[in-house]
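Beneath this line is the structure, given in structure tokens, with notes to follow.
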Ligand SMILES: C[S@@+](CC[C@H](N)C(=O)[O-])C[C@H]1O[C@@H](n2cnc3c(N)ncnc32)[C@H](O)[C@@H]1O
């Protein structure tokens, strides 16, 4: 459900500091990376909204008195939020709220004044830190449920490489195989799975060894680094 212009204006006029919708970036996932401000917004909420996994990761800071609401289909969310605007709501989102998150969808449905966003570090920033490297010369993108022409963009001489959020279909194996078969060489492939969790796994391979990546991957970030 999309909220029309008049309703959006209404929400804008009616809101005050107590009924903003708080959106909190969780960072890479492990609760140790949550910011103290993020913890405050989660602890002070009447309703905390997130995926099943995110809410279960937050069990130690959400009390039984607080309502946990598992993120529904996106189209159902604005209606639910609207009905509950008299309560304190916090929506949690993975990584950085400014990098492939729910924020653009919420901005389409609610006035910006009503959204109070607390960012955190992204999964890819965490991965670069683990590698002891900087990311400012990399191009950031996502193939998670969307098209991105990585074959074209990897050729850009001005970048050190690409950072891709992946999904099950466009996974690290399929991407590196495709790059290799299209003539790409001199690339280091870095895959960070379940970053910051106990089962974190970081795999580093030369693109020539892409067959070593022919396996099932958990949630991951892929770095294609030119060498
Ligand atoms: C909807 S996007 C959200 C990205 C998030 N805003 C960020 O800054 O990392 C979901 C994708 O982020 C990546 N991701 C998020 N958390 C991750 C983690 N802890 N480990 C590995 N990849 C992660 C995966 O590629 C996943 O498919």
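Out of 163, 103, 92, which single residue is in contact with a strand residue (DSSP E or B) (Cβ under 8 Å, 6 or more places away or on another chain) and within 17 Å of residue 220 (Cα to Cα)?
Numbers: 103 fails: within 17 Å of residue 220 (Cα to Cα); 92 fails: within 17 Å of residue 220 (Cα to Cα).
It is 163.
On the given criteria, is residue 77 more than 23 Å from residue 194 (Cβ to Cβ), assigned by TED's automatic domain parsing to the domain that holds residue 37 and either within 16 Å of the ligand (Cβ to nearest atom) or part of a strand (DSSP E or B) (or both)?
Working: more than 23 Å from residue 194 (Cβ to Cβ): yes; assigned by TED's automatic domain parsing to the domain that holds residue 37: yes; either within 16 Å of the ligand (Cβ to nearest atom) or part of a strand (DSSP E or B) (or both): yes.
Against the criterion (more than 23 Å from residue 194 (Cβ to Cβ), assigned by TED's automatic domain parsing to the domain that holds residue 37 and either within 16 Å of the ligand (Cβ to nearest atom) or part of a strand (DSSP E or B) (or both)), residue 77 qualifies.
Would you confirm whether or not the range 174-185 contains a residue that is within 15 Å of the ligand (Cβ to nearest atom) and closer than 23 Å to residue 29 by Cα?
Step one: of the range 174-185, the residues within 15 Å of the ligand (Cβ to nearest atom) are 174-175.
After this cut, where a residue has to be closer than 23 Å to residue 29 by Cα as well, the list is none.
Looking for residues that are within 15 Å of the ligand (Cβ to nearest atom) and closer than 23 Å to residue 29 by Cα, one finds none in the range 174-185, hence no.
Taking the condition of being within 15 Å of the ligand (Cβ to nearest atom) and either assigned to a loop (DSSP other than H, G, I, E, B) or not assigned by TED's automatic domain parsing to the domain that holds residue 29 (or both), how many residues in the range 49-72 meet it?
Summing the residues that are within 15 Å of the ligand (Cβ to nearest atom) and either assigned to a loop (DSSP other than H, G, I, E, B) or not assigned by TED's automatic domain parsing to the domain that holds residue 29 (or both) in the range 49-72 gives 3.
Out of the range 20-48, which residues are away from the ligand (no atom under 16 Å from the Cβ) and out of contact with any strand residue (DSSP E or B) (no Cβ under 7 Å at 6 or more places or on another chain)?
Selection gives 36, 39, 40, 43, 44.
What single numbered condition from (1) in contact with a strand residue (DSSP E or B) (Cβ under 7 Å, 6 or more places away or on another chain); (2) under 30 Å from residue 45 (Cβ atoms) fails to hold for residue 125?
The number of the failed condition is (1).
Determine whether residue 62 is touching a helix residue (DSSP H, G or I) at 6+ places or on another chain (Cβ under 8 Å) and modelled with pLDDT of 95 or more.
Values: touching a helix residue (DSSP H, G or I) at 6+ places or on another chain (Cβ under 8 Å): yes; modelled with pLDDT of 95 or more: yes.
So residue 62 passes the test.
The values are calculated or read from the model by the stated rules, or taken from the named source; none is laboratory data. Predicted model, so just to flag it, every value in this text is computed and none were measured. All Cβ positions, glycine included, derive from the backbone under ideal geometry; neighbour counts span all protein chains shown.
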